[in-house]
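Please read the structure below before turning to the comments.
The values are calculated or read from the model by the stated rules, or taken from the named source; none is laboratory data. These numbers come from a predicted model, not from an experiment. Heads up, the Cβs are rebuilt from the backbone with ideal geometry, glycines too, and the neighbour counts pull from every protein chain shown. SASA here: full protein model, heavy atoms, side chains in, ligands and nucleic acids out. Shrake-Rupley method; radii C 1.70, N 1.55, O 1.52, S 1.80 Å.
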Amino acid sequence: MIFNLDDIKGDVKRSADVVIIGSGAGGAPLAKELSGEGYSVILVEEGAKFDREKDFNLNPTQSFMRMYRDAGQTLTLGVPFVLLPLGKTLGGTTTINSGTALRMLRPILKKWHTFHGLSDITEEELNLLYAHLEEYLFVQRADPEVAGPVARTFLAGAQKLGLSSGWLPRNAKECEGYGTCVFGCPSGAKQSMDVSFIPDAVKNGTDVYTCCRAAKITTKGGKATGMTGFFVDPFTGKKTGHKIELEARVVVLSGGAIYTPFFLLRQGGLANSSGQVGRNLEIHPCVQVVSLMDEPMNPPKGIPQSSYVDEFKDEGVTLEGGTVPPEIHALALTGAGNKHAALMSSYPNMGLFGAMISDTDSWGRVVNLPRSGYSPTMLYMLKGEDVRKAKLSTLLMSEIWFAAGARKVFTPFAGHYEISSPRDMKALEQSKVRAADIYAMSAYHPVGTCRMGGDPESSVVKHTCETWDVEDLYICDGSALPTSAGVNPQLTIMAISMRCAGFIDDRLSNKK
Amino acid sequence: MDPFLSKYSEDLMPVFVGDPPALAGFEMDAQIGFIEDFMKAGAAEFKLLYFVCAFNFKLLASLMKLKPWSRLDMSDKQAVANKLFGSRNPLLRSVVVLCGLPLYISYYRRHDVQVPLGFDAKALKDEASLRSVSRDRSLPSK
């Protein structure tokens with residue numbers, strides 16, 4: 001059963017075999033798998049459960065304010081400051097992501113084996129898990145007919161230049177192309193956790209408490225024994241006065257790569273004998289190029305992220321499409337006043353495409369600094385090699401847009417915002433750009449902050465996802481991935497979660 | 001309504017959003033009401049940052065044009081904002097980026113502004129609902 005705030009009339013005190021904190025790509029598959037094995041499972045989620053008819057209504061700002069952490073205003077501190085949107089709703093970020101469902105790049109797994117002592121995670125095992133997930137989540141390539149003109153035009157440009165490109169696989173069943181995946185799919189076609197694993201987990205007997213913030217993991221004799229927390233108003237964050245106290249044989253932390261380390265650090269550094277909790281933050285910084293075309297692009301129509309160009313994926317650059325509604329598009333265009341207004345009036349003739357950079361030498365960390373509210377601080381510095389990739393991808397997107405017939409393009413680099421001729425392109429190419437020159441950078445897919453590894457001195461969890469320090473405490477979300485997956489990580493997080501379910505099953509069976 | 005938020009936003013709205021051709025005019029109260037809600041729902045420091053940036057923007061505009069804010073005309077204010085947007089100094093640019101963010105969102109989120117730009121949520125929903133989509137269709141292999 002799913003308990004919403006209205007169902008909570010007093011304090012909750014219960015016990016279960018497994019308590020899972022967080023209902024995103026890490027927590028939800030675990031809940032379904034373990035409840036399917038007959039274990040009693042309780043899943044707690046800080047965000048609310050929303051009604052598809054009433055709340056998933058193509059209203060981007062409403063969605064920001066209700067389904068995103070800090071109304072979508074989560075920024076990293078550093079140069080440049082980077083917007084890092086995170087979901088806070090049943091299903092976690094999967095409810096408000098683009099639905100791109102890709103397998104991890106092979107060289108990355110090799111890196112995990114070589115540098116992180118994770119040879120127990122084999123390619124064969126992962127491929128089996130990926131195949132199962134792809135079937136379960138109806139993963140298939142985006143339908144070009146539903147994709148919309150922006151994606152089709154951009155791909156035509158890429159093909160003209162002979163670049164490797166195609167349609168992205170997505171976990172969407174019969175997608176109608178509402179164009180608002182990142183604000184919650186209005187039809188439920190996107191197989192986010194709230195329409196896939198969670199309903200199945202509930203059918204298996206899992207109880208879900210929404211609007212419930214975990215405060216503490218209880219331990220006894222070096223073992224996790226449960227959690228305590230309280231219910232909060234999902235919009236104000238204020239406590240309702242009701243508490244929750246759960247006893248469990250196994251506790252799983254699945255709050256995501258930002259909130260999981262924050263939670264542990266707030267508990268005085270639980271499971272942090274390695275000192276690695278919160279460190280090694282990797283994200284996918286993104287830059288975008290907006291094009292102005294002669295023909296209408298109808299940017300809101302179709303699947304916002306449906307196509308890719310991966311010609312430079314070995315260099316850590318993948319272009320993935322994205323269209324956004326006017327209020328977000330306005331932020332991607334620099335300038336103010338009548339100049340900005342004139343540009344915005346061309347919105348129907350504009351296309352937007354983004355580049356995702358696999359960071360290499362940038363530096364990031366989640367820390368617990370005194371702040372009002374319940375918010376971690378994310379430090380992030382974009383460094384030389386990644387700035388170079390940002391420039392390379394900006395030039396590449398500009399070239400593709402021009403090949404597709406753009407009149408001019410708008411880049412995020414100060415001093416080169418508008419490019420309308422080969423001379424402008426050359427100027428950007430030859431300029432020495434700095435991280436500080438990048439305007440409106442956003443990032444996605446945080447990972448690595450409670451990394452998995454073979455050495456307890458340099459990692460937080462074992463390959464089973466159990467923490468080195470606290471028995472029966474598992475961490476299963478993006479934070480456990482030792483590095484970026486090189487692609488959108490949701491499928492990999494789910495695969496690691498399914499794998500972790502097997503180890504928890506073994507542990508619980510042996511305990512019987 | 002927060003009087004400071006009201007005053008700053010009212011002053012800065014035309015500077016940032018300008019006068020979009022063929023689009024609806026400002027609905028100041030409703031837009032500022034939204035900004036207030038947006039800030040309440042957001043990061044605690046965002047409102048403070050907005051005030052700091054708005055104050056600094058006005059100060060910079062006066063210094064750059066050597067006139068008090070009240071005597072600057074709109075084109076001067078917009079010129080200063082555009083100059084700061086183009087700056088390679090990230091601190092100067094942040095002043096206008098953070099000022100502009102809630103102002104742009106508050107205006108371009110309005111239904112009567114979005115519809116002429118082609119974002120009509122209801123029409124999009126109706127059109128998408130009519131689309132016949134079937135898993136049996138052949139989809140690209142790449």
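Below is a table of values for the structure above.
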quantity: Where A:A25 falls short, out of the listed (1) at pLDDT 95 or above; (2) open to solvent by 20 Å² or more (accessible area, probe 1.4 Å); (3) closer than 30 Å to B:K125 by Cα; (4) away from every other protein chain (no Cβ under 11 Å); calculated: (2)
quantity: Cβ pairs under 9 Å, 6+ apart, first in region A:23-36 and of a type in the set (D, E), second open to solvent by less than 10 Å² (accessible area, probe 1.4 Å); calculated: A:E33/A:F197; A:E33/A:A201; A:E33/A:S497; A:E33/A:C500; A:E33/A:A501; A:E33/A:I504
quantity: Checklist (1) surrounded by fewer than 23 Cβ atoms within 10 Å (Cβ to Cβ); (2) within 14 Å of another protein chain (Cβ to nearest Cβ); (3) over 22 Å from A:P446 (Cα atoms) applied to A:S375, failing item; calculated: (3)
quantity: Strands (runs of 3 or more DSSP E) (entirely within region A:268-366) containing at least 1 residues that are more than 14 Å from chain B (Cβ to nearest Cβ) and out of contact with any Lys or Arg (no Cβ under 7 Å at 6 or more places or on another chain); calculated: A:282-292, A:317-321, A:350-357
quantity: The lone exception for A:D70 - which of (1) assigned by TED's automatic domain parsing to the domain that holds A:F503; (2) at positive phi it fails; calculated: (1)
quantity: Options A:G99, A:G78; residue that is within 14 Å of chain B (Cβ to nearest Cβ) and not hydroxyl-bearing (S, T, Y); calculated: A:G78
quantity: Where A:P169 falls short, out of the listed (1) at positive phi; (2) assigned by TED's automatic domain parsing to the domain that holds A:D314; calculated: (1)
quantity: Lone unmet requirement of (1) in contact with a Gly (Cβ under 7 Å, 6 or more places away or on another chain); (2) more than 11 Å from every other protein chain (Cβ to nearest Cβ); (3) charged (D, E, K, R) for A:K391; calculated: (1)
quantity: Restricting region B:1-28 to residues that are free of Cβ contacts under 8 Å to residues at least 24 places away in the same chain and assigned to a helix (DSSP H, G or I), the residue that is farthest from B:Y108 (Cα to Cα); calculated: B:P3
quantity: Residue within region A:276-292 that is touching a residue at least 60 places away in the same chain (Cβ under 8 Å), within 20 Å of A:D472 (Cα to Cα) and buried (at least 20 other Cβ atoms within 10 Å of the Cβ) present; calculated: yes
quantity: Conditions (1) more than 8 Å from chain A (Cβ to nearest Cβ); (2) open to solvent by 30 Å² or more (accessible area, probe 1.4 Å); (3) assigned to a helix (DSSP H, G or I); number of the one not met by B:E45; calculated: (1)
quantity: Those residues of region A:47-78 which are open to solvent by less than 20 Å² (accessible area, probe 1.4 Å) and within 30 Å of A:M381 (Cα to Cα), in sequence order; calculated: A:G47, A:P60, A:T61, A:S63, A:M67, A:Y68, A:A71, A:G72, A:Q73, A:T74, A:T76
quantity: Any hit, region A:131-142, residues being of a type outside the set (S, T, N, Q) and touching a Gly at 6+ places or on another chain (Cβ under 8 Å); calculated: yes
quantity: Residue within region B:61-71 that is at the interface with another protein chain (Cβ under 9 Å from one of its Cβ atoms), open to solvent by 30 Å² or more (accessible area, probe 1.4 Å) and either in contact with a Ser or Thr (Cβ under 8 Å, 6 or more places away or on another chain) or not basic (K, R) (or both) present; calculated: no
quantity: Condition check for A:A435: over 19 Å from A:H284 (Cβ atoms), among the small types (G, A, S) and within 14 Å of chain B (Cβ to nearest Cβ); calculated: no
quantity: Matching residues, region A:332-355, being open to solvent by 10 Å² or more (accessible area, probe 1.4 Å), of a type in the set (A, V, I, L, M) and either touching a Gly at 6+ places or on another chain (Cβ under 6 Å) or at pLDDT 95 or above (or both); calculated: A:A342, A:L343, A:L352
quantity: Contacts under 6 angstrom Cβ, first residue in region A:62-87 being among the aromatic types (F, W, Y), partner open to solvent by less than 20 Å² (accessible area, probe 1.4 Å) and not in a loop (DSSP other than H, G, I, E, B), 6 or more apart; calculated: A:F64/A:A71; A:F64/A:G72
quantity: Of all residues making up region A:79-91, the number that are open to solvent by 10 Å² or more (accessible area, probe 1.4 Å) and either modelled with pLDDT of 95 or more or closer than 18 Å to A:G322 by Cα (or both); calculated: 5
quantity: Candidates A:T114, A:T153, A:T122 - the one that is among the polar types (S, T, N, Q) and in contact (Cβ under 8 Å) with a residue 60 or more places away in the chain; calculated: A:T153
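One line per residue, one yes/no per condition, for (1) facing chain A (nearest Cβ under 7 Å); (2) modelled with pLDDT of 90 or more:
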residue	(1), (2)
B:Y104	yes, yes
B:Y107	no, yes
B:R110	no, yes
B:L124	yes, no
B:A128	yes, no
B:R131	yes, no
B:P140	yes, no
